[in-house]
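Worksheet: the structure to be examined is printed underneath.
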Amino acid sequence: MAKRIYWHIPGFCFFKNLNTVLIDLMNEYENCFHEGYRIGSVYGTFPGAIWNGGRTVLGFTSKNDIERIIKNYNSRKVPVRFTWTNSLIEEKHLNDTLCNLIMRLADNGQNQVLVNTKILEDYLKQNYPNYKYISSTTKRITDPVKLKEELDKDYFMVVLDYDLNHDEDVLKSLEPMADRVEILVDEICFPGCPKRIAHYKDESLKQLEFEIAKPFECPNKQATKSFSDCMKRPAFISNEDIKSYIDRGFENFKLVGRGLPQSLVIDSYIYYLVKPEKQDFIREQINKRLAQIAANQAAKRR
């Protein structure tokens with residue numbers, strides 16, 4: 001039996017239909033996907049949740065929708081992972097009604113939380129101990145000593161800063177605890193960006209203030225983004241290279257996608273998860289099923 005490899009995919013809310021189709025296809029056509037590959041979690045947030053970080057996601061989510069979406073994944077044995085990584089959280093934000101409602105509704109022992117700040121992490125662990133807590137890449141830990149200290153804490157996993165994806169010394173040092181390290185394989189941003197922390201804070205402030213009108217002055221801003229752009233970045237880990245990481249004991253890999261085009265996300269799913277000779281078939285199945293979902297939704301609105 002092949003070793004199980006877990007992929008953590010984006011947008012449990014925004015890409016809900018796509019992710020549901022993917023999970024179902026992996027169950028129905030297991031022979032089309034790389035052996036041992038599983039969906040380890042679907043990460044993201046519900047619109048309007050102020051604890052969210054990394055990407056601003058505004059809007060409104062009803063209790064019924066929250067329950068339905070959580071059940072959609074958990075019934076398929078896939079954890080929902082909340083991106084509670086807002087770096088500007090203060091004590092006054094801890095009692096937020098919507099965020100606490102989300103945590104209560106998903107408090108069934110299956111789900112996970114990405115954390116960034118100690119104040120929110122301490123609050124969550126005290127009030128919601130049934131979740132698995134994961135140290136976020138938004139902490140920007142690139143010092144090997146501090147990374148080791150992070151792994152010595154009681155986190156379920158630690159997401160590696162993508163600037164370290166090809167650092168041989170760091171990877172070698174992580175081998176004894178590789179099963180607790182998650183690697184972001186297709187980050188579209190540039191390595192060593194001097195504004196990355198400032199960008200995370202800007203997104204956090206926008207989430208808290210429900211503000212998206214002021215764009216962040218990113219030095220690497222692009223009009224359009226594609227998976228081929230990801231493949232050109234120095235931090236990119238190719239399909240051919242993934243095996244060497246698996247051989248070293250790494251078994252958790254993360255795909256980008258929050259705030260990115262669905263076409264990019266589909267391309268990444270096809271590239272990493274599907275056997276080359278089956279990629280056209282699975283892409284056709286995804287497109288066909290998404291079109292059917294869209295048609296059904298349109299019919300209900302008539």
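The values are calculated or read from the model by the stated rules, or taken from the named source; none is laboratory data. Quick caveat, the model's predicted, so the values are computed rather than measured. Heads up, the Cβs are rebuilt from the backbone with ideal geometry, glycines too, and the neighbour counts pull from every protein chain shown.
Restricting region 73-94 to residues that are surrounded by fewer than 18 Cβ atoms within 10 Å (Cβ to Cβ) and either touching a strand residue (DSSP E or B) at 6+ places or on another chain (Cβ under 7 Å) or polar (S, T, N, Q) (or both), the residue that is farthest from residue 45 (Cα to Cα) is 75.
Among the residues making up region 221-251, those that are more than 19 Å from the chain's Cα centre (by Cα), polar (S, T, N, Q) and at pLDDT below 90 are 222, 224, 228. Residue count for region 96-141 under the criterion of being surrounded by fewer than 20 Cβ atoms within 10 Å (Cβ to Cβ) and of a type in the set (Val, Ile, Thr): the result is 2. Within region 95-116, the set of residues being touching a strand residue (DSSP E or B) at 6+ places or on another chain (Cβ under 9 Å) and within 21 Å of residue 47 (Cβ to Cβ) comprises 99, 102, 103, 106, 111, 112, 113, 114, 115, 116.
Taken over region 157-192, the residue count meeting the criterion of being farther than 17 Å from residue 248 by Cα and surrounded by 14 or more Cβ atoms within 10 Å (Cβ to Cβ) is 9. Filtering region 18-49 to residues that are under 16 Å from the mean Cα position of the chain (by Cα) and not aliphatic (A, V, I, L, M) leaves 19, 20, 38, 40, 41, 43, 44, 45, 46, 47.
What pairs can you find where one residue is in region 174-203 and at positive phi, the other is not in a strand (DSSP E or B), and their Cβ atoms are less than 8 Å apart, with a gap of 6+ or different chains? These pairs meet every condition: 192/163. Among the residues of region 36-52, the ones that are in a loop (DSSP other than H, G, I, E, B) and either in contact with a Lys or Arg (Cβ under 9 Å, 6 or more places away or on another chain) or of a type in the set (A, V, I, L, M) (or both) come to 4 in all. Could you tell me whether region 210-220 includes any residue that is over 25 Å from residue 136 (Cα atoms), more than 22 Å from the chain's Cα centre (by Cα) and of a type in the set (A, V, I, L, M, F, W, C)? Yes, region 210-220 has at least one match. Just a yes or no: is a residue in region 224-231 buried (at least 19 other Cβ atoms within 10 Å of the Cβ) and either part of a loop (DSSP other than H, G, I, E, B) or touching a helix residue (DSSP H, G or I) at 6+ places or on another chain (Cβ under 6 Å) (or both)? Yes, that holds for at least one residue. Of all residues in region 264-302, those that are among the polar types (S, T, N, Q) and closer than 24 Å to residue 7 by Cα total 4.
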